[in-house]
Structure formats: structure tokens, C-alpha cells
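Down below is the structure, laid out as C-alpha cells.
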């Protein structure tokens, strides 16, 4: 990189930091979810393999997490792998498992990085469907960060919202059966909410839901959490291209909602 | 303080950009295809979500909701859409279900089927994800859960009353050709959403308790297990999942705030394509001289725009 390019990059970075500082002067969402869609289409656009798109997607995830941390967003949930994604070509599934395991091992080895920012890592989903070495890596990474309380990163893999709701219903029924006196009136929507994986991991209510790549469906992500009082943004940008240009308007929209609400 | 002022400035800049973008989009606006135009894909089950301002609940809102529903109902019949779910969080439509039945009486010939005390098997099979198998235990679909769904079914005019199963078979075969196909209308409010899942859970508890008390070894009961397909047969038994959802604000704001789902039943929206009407596409109610109320009905143009978007959507099913 030539020195004018380096200088411009430095200036751009400083302006971005300034912008984030300005945003923190207003209301900041407590919990934001990202359905990181479009990695494969992004790669195919430049004639590359799908797996490379996932690598780019991971790089974007790190950048977005940093932005969220600087903004003071306490909880971020990402949809890394759906239960249905096991239907993908085996080589792609294997590559994704490998990518996930490598990153988890990295987190476990550099546990200090997450601890430095006080981030607790929760991996949510039907863990038993994952290869045993990936499960082991997850347990290690989660164990290292369990005591952190400043912020939460939920990685949903392999996850399906209906499965999460079913487990929550199963839990509330089991809890009621375990009591001395079984009382069905103790089961409410509140008690089901308290038994969702996100809530059990300490997550606050979901304020913003973002899906990239132009798809206008939830596809099994956080259905209970986002069906009420959550602003939903379906942006056309592919996930690897997602950045401040898309995220800042989303934050501004949230702030307008909060300000309007405080006037009422 | 300085940062706050800069933030307000940023908001003004953002609002201006949004305004300009909306104006530019208006200029480049192209009208959609007409209702009866060929589309490669038409939803089998459409949901219409009607939204008003939180503070405004009046006869005017009720009138708007009823008019919007009547319009969508008519268009759905013309297109051969088999099921229509009408939702509003506050339950205004539910409150007026008798009025709705009277108003659509020339389309609807069967009495209202209230599914508050007993679940119903839908006339068309519930739409479920390819990964879910049917419940091994048909009992789950027969548990008395309060799902709070009001269902009305119309028959093709002139057809004599048949058993529900036969009507369903006939309906599937005819819906593409018939200009006024039979249509099942579900009217729901927030009570069919998370509270219905809680109701299902209470039902499951009662059932589990009953089984435990009647088991051979009640003292050593196994851990309670519930499968997704069993819960699905309870919930979709009363309200199948819509393919497509249109969210319409009857008191739109400019600029439009981001999409929200206003408490629509969460179980049923796994694969639902979601669309919101845009201000450009809607129209003021006729005979309404009070320009300051700024209420808007859903127009045929808005409906067609939504259908065009649905026809263009791609489904990869996880692959």
C-alpha cells in the first residue's frame, strides 16, 4: 500500500470511530441478531468457491462484532449454521465444521481476547448433531468465557427456532411435573420465554433482527424472539459486504423508535 | 453534549437522504402486473397483518380493517389462494367476526367453526418443513388446546355440502381453473400467538400427568420428552403456516419505520415470505373527506406488487 492509500485508510478508520462515538450519544439496542446470508453467492460473483465466501463472511463477522462492542451493544446473536444446512454438499459441511472448530480453538487458545472485552460465548442449538471434536472445542471455549459478564455472543449452530421453542415447552412441562403440587397455571408465555436458549444464556429481549442477501424470510431463526417489538431489516447486501453503510441506518432507525416512544 | 448535537445532525442528514431516496424511487416506480396476470408462483396460504397506531382505536380503524380484509378476500378468491389468515394484534377482526361472516356471506356458506375448545384438522395438510416428519402419535393433534383461531370456510357456489375430506380433495384439483375458488379464512389476534403455545404446554402437562398417574410405575417416571413434530401437529392443527405475509399499516408514517411482526404467531413463520406495503401503493378510503386522518386502505396495486415479489423469491431450503 502506498502512503496516500495508508493515510486514507487511517483517516477512514478514524472517521468510522468518530461516527460510532457520535452514535453512542443516543439510545443503543441491547440485543441485535444477524442472519449472515449470502456468503456463497458473494463468492460465486467473483468466480470463487463457496467455502471462500464463508471465510470472507467470518472476517465480516469479526468487524461487525468490533463495531457492536464499540457501540456498547450488550448482546449479539448470529446464525452460523441451520439444522437444514446439513443438507448441503458434504464437502461444504465439512469445510464449515472445520472453520468453526478452528475459530473455537483460536478462542480457547486466545481466551484472553474475549475475556478482555468481557464477552461470554454461548453456542446454541442441537449440539449433539455436531462432530464430537467440534463439540469438545465448543465446551472448551464456552468454559473459558462463562464468567464474563460484560457482553454476550450467541452463536447459533446447528439451530432451528422450532426446536428451541419445543425444548422450552419441554422444560416448562418437566419443571411443573417435578413440583410437589402440579399446577398448570404456572405455565405462561413468560415461563416459556425464560426457558429459551437465548434467555438461559442471559440474553436480553431482541431489539433488532438483520438478514442479509435480500431474502425476506426468517428461515427458522429466533422466531419467538423477533415476532414482537423487534425491528426487522432485510437488507439486499450480501453478508461479506455488510458494514457501516448498512448498519448505521439500522441503528438510526432504532434510535428514532426509542425517541418516539419516550415522547408518548 | 457535543456528541449528542452531532447525533441529531446525523439524524437530520439521514432523514433527508431517506426522503430523497423515496422521491427517486417514486419517479422510477413501475406499476405491477394485474391481479389475474400469470405468475410463476402464487401462495397457497396468505396472511394479512393489519397494523394501526398504538394510540388509535376507533370505529374508523375497525372500518378500515374490515374493508381491507374484504378486499384481500376477494382478490384471494380470484387467484385461487386456498387459505387466508387475517391478523391484527388487538383482536379487532376477531371482535367483528360475525360482521365479517355477514359481509362475506355470499362467499361463505358454512357456519363459523370456532376452534377454541377443540382443535381441527385443516382441510389442506399443514405446511411443514421438509425435515419434519409427521407425528408418530396422532393423539397430539387431538388434545383440547385453546388456539384462539376463528375459521370460516367457503364452498364453491352451487356445490352441495360434502364431508370436509372430500371438499379438500376437490379443492386442490380445481383451484387453478376456478375463477372463484373456495377459501378458508382464519381470523386471529395475539391470543393465537405466544399465549396459544402456552396453552399447548398446559395441555401437554395435563396429558403427561394423566399418563404418569395411569402408568405401571408412577414413582419412576421417565424424563418428559416432546418432539418438534408433536408440538407442530398441535399448533399447525389449528393454524397452518402461511407461505406469504403482507404487513399493511392503515395509518402509515413517512418515512416508514422498519418492519415489525406485531406479535404474529411465531411457530408458523419459519419459511413465510414477508412483505410490507409501501405508501406509494396504497389509497385513501373513498368518501372520506377528512384529509388530516391520513388513513390508507390496501389497494389492488399494493396486493399485486406483493404477489410479484413473492413470485420472484427463491427457496434453497438450507442447501
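Values quoted throughout were computed directly from the atomic coordinates according to the rules given, and no laboratory measurement underlies them. As the structure is a computational prediction, the values presented were derived from the model and not from experiment. Because the Cβ atoms are built from the backbone with ideal geometry, glycine has one as well, and the counts that use them run over all protein chains shown.
Some points to look at:
- Distance in nm between pseudo-label sites at residue B:105 and residue A:115 (7 Å out along the Cβ direction from Cα): 7.5
- Spacing of the modelled spin labels on residue A:146 and residue B:213, each 7 Å from Cα toward Cβ, amounts to 3.9 nm.
- Relative intensity, log₁₀ I(q)/I(0), of chain A from a Debye sum that treats every alpha carbon as a point, q = 0.07, 0.10 Å⁻¹: -0.27, -0.55
- Relative contact order %, region A:133-264, counting alpha carbon pairs below 8 Å whose residues are six or more apart: 21
- In this simple spin-label model, placing a label point 7 Å from the Cα along the Cα-to-Cβ direction at both residue A:174 and residue B:11 gives a separation of 4.6 nm.
- Share, in percent, of DSSP beta bridges within chain A that are antiparallel, nearest 5: 0
- Diffusion coefficient (Stokes-Einstein, Kirkwood radius over C-alpha pairs, 10 °C, 1.306 mPa s) for region B:28-104: 113 µm²/s, rounded to a whole number.
- Per residue of peptide A:219-227, the mean number of Cβ atoms on other chains within 10 Å of the residue Cβ is 6.
- For region A:162-264, taking the reciprocal of the average inverse distance between every pair of different Cα atoms yields a Kirkwood hydrodynamic radius of 16.1 Å.
- Kirkwood Rh in Å, taken over all unlike Cα pairs in region A:119-187: 14.1
- Rg then Dmax, both in Å and based on the Cα atoms of region A:96-148: 10.7, 31.
- Our estimate of slack between residue A:30 and residue A:126, defined as 0.36 nm per intervening residue step minus the Cα-Cα distance, is 32.0 nm.
- Whole-number percent relative contact order across chain A, with pairs defined as alpha carbons under 8 Å at least 6 apart: 26
- As an equivalent ellipsoid, region A:79-120 spans semi-axes of 27, 12, 5 angstrom, where each value is the square root of five times an eigenvalue of the C-alpha gyration tensor, largest first.
- Three-way shape call for region A:86-231 based on the alpha-carbon gyration tensor, with the a/c threshold at 1.5: prolate
- Rounded if a/c under 1.5, otherwise prolate or oblate - region A:1-150, Cα gyration tensor axes: oblate
- Between residue A:59 and residue B:253, the C-beta separation translates, for a Förster distance of 51 Å, into a calculated FRET efficiency of about 0.85.
- C-alpha long axis of helix A:90-109 to longest principal axis of chain A, angle in °: 90
- Helix A:244-263 axis, angle to chain A major axis (alpha carbon atoms, nearest 10°): 50
- Peptide ranges A:37-49, A:219-231 listed from the most packed, as the mean C-beta count within 10 angstrom indicates: A:219-231, A:37-49
- Using the alpha-carbon positions of region A:193-246, Rg (one decimal) and Dmax (whole number) come out as 12.6, 36 Å.
- Shielding by other protein chains, B:4-13, mean Cβ within 10 Å: 4
- Taken residue by residue and averaged, Cβ atoms of other chains lying within 10 Å of the Cβ of A:79-90 number 3.
- Computed [θ] at 222 nm, deg cm²/dmol, chain A (DSSP H ≥ 4; -39,500 (n - 2.57); rounded to nearest 500): -17000 deg cm²/dmol
- Relative contact order (%) - criterion: Cα under 8 Å, at least six apart; region: region A:13-161: 27
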